[in-house]
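Here it is: the structure, laid out below.
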Amino acid sequence: MKTKVAAQMYTVREFMKTPADMDVSLGKVKASGYDAVQLSAGGPIDPADMRALLDKHGLTAAATHIQFDKIVNDTEGAISDHRILGCEYIGLGGMPADYRASAEGYREFARVIEPAARKIADAGLKFIYHNHNFEFARYDGKTGLQILMESTDPAWMQFEIDTYWVQMGGGDPIDWIRRMAGRMDVVHFKDMATDPVERKPIMAEVGEGNLNWQGIIAACAQIGVKWHIVEQDICQRDPFESLDISVRNLHRLGLR
């Protein structure tokens, strides 16, 4: 199965604070077998300088996560930055807290983001929204994520399902990936395990936890996902080692 795997640099955010850090970290990620990255939570750097580092290490910018205020209040700047990076997907890691408490909050978020998301689409790029578990709270029988889907248009808004957070929210990652048919090019791969001492869910390297990866990968193929992005917010070991374990396991599962 020929596809695309990328590393979410949020995983190694503590090693992305300066351009010198970024140079070293991007080199390590490339050496692990990744050919692309998602840029998120790094220190300040000019987009042209970041593009130069990516080119130096033979890496593609698959997607980003940037600030809500940047997307809404400086949409043209965000578009320009992404064109410099050669990156098609402008991502938001989660809606601001003010919108999360009610069905109307989700609808208001959709109204607020729409003008920027339409501009992004008109520019030939794509706006993508990344979920956590709070979107699985229910309001009159519907999850926040359902409400958000119904309140937005595939023409200007895509989603970026995170497998761990769907499971944490009580959802089925495979089911939710399939629901996103026609509006999800980018997915976040993150596994879930159980801490043997505290007996609570923990994030794990892909293939080292309990999620159904064969089913998840098949569902992604079914809906035509283009980018499979490995992320681990909290690692139980060196985060570069975690990224390495995940990509090796994905290669064994047939993803390249």
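Rounded to the nearest 0.05, what FRET efficiency do Asn210 and Glu150 have when you use their Cβ-Cβ distance and R0 = 25 Å?
After rounding to 0.05, the efficiency reads 0.20.
What number comes out for the charge environment of Glu160, summing +1 per Lys or Arg and -1 per Asp or Glu over other residues with Cβ under 11 Å away?
Net charge in that neighbourhood comes out at -1.
Right, here's the next one. Run the dipole for the chain about the Cα centre, Lys and Arg Cβ at +1, Asp and Glu Cβ at -1, nothing else charged, and hand back the magnitude in debye, nearest 20.
The calculated dipole for the chain is roughly 640 debye.
What's the exposure ranking of Val5, Val72, going from fewest to most Cβ atoms within 10 Å?
Val72, Val5
Where does the chain land at 222 nm, in deg cm²/dmol rounded to the nearest 500, when only DSSP H runs of n ≥ 4 count, each adding -39500 (n - 2.57), divided by all residues?
Rounded to the nearest 500, the figure is -12500 deg cm²/dmol.
Looking at the stretch 4-252 only, what percent of DSSP beta bridges run antiparallel? Nearest 5 please.
20 percent
Could you size up the charge dipole of the stretch 125-256 around its Cα centre, putting +1 on the beta carbon of Lys and Arg and -1 on that of Asp and Glu, and report it in debye to the nearest 20?
380 debye
For an R0 of 35 angstrom, estimate the FRET efficiency from the Cβ-Cβ distance between Gln236 and Asn133 and round to the nearest 0.05.
0.95
Bear in mind these aren't lab numbers, they're just calculated from the coordinates by the rules spelled out. What you are looking at is a predicted structure, and each value in this text was computed from that prediction instead of being measured. Because the Cβ atoms are built from the backbone with ideal geometry, glycine has one as well, and the counts that use them run over all protein chains shown.
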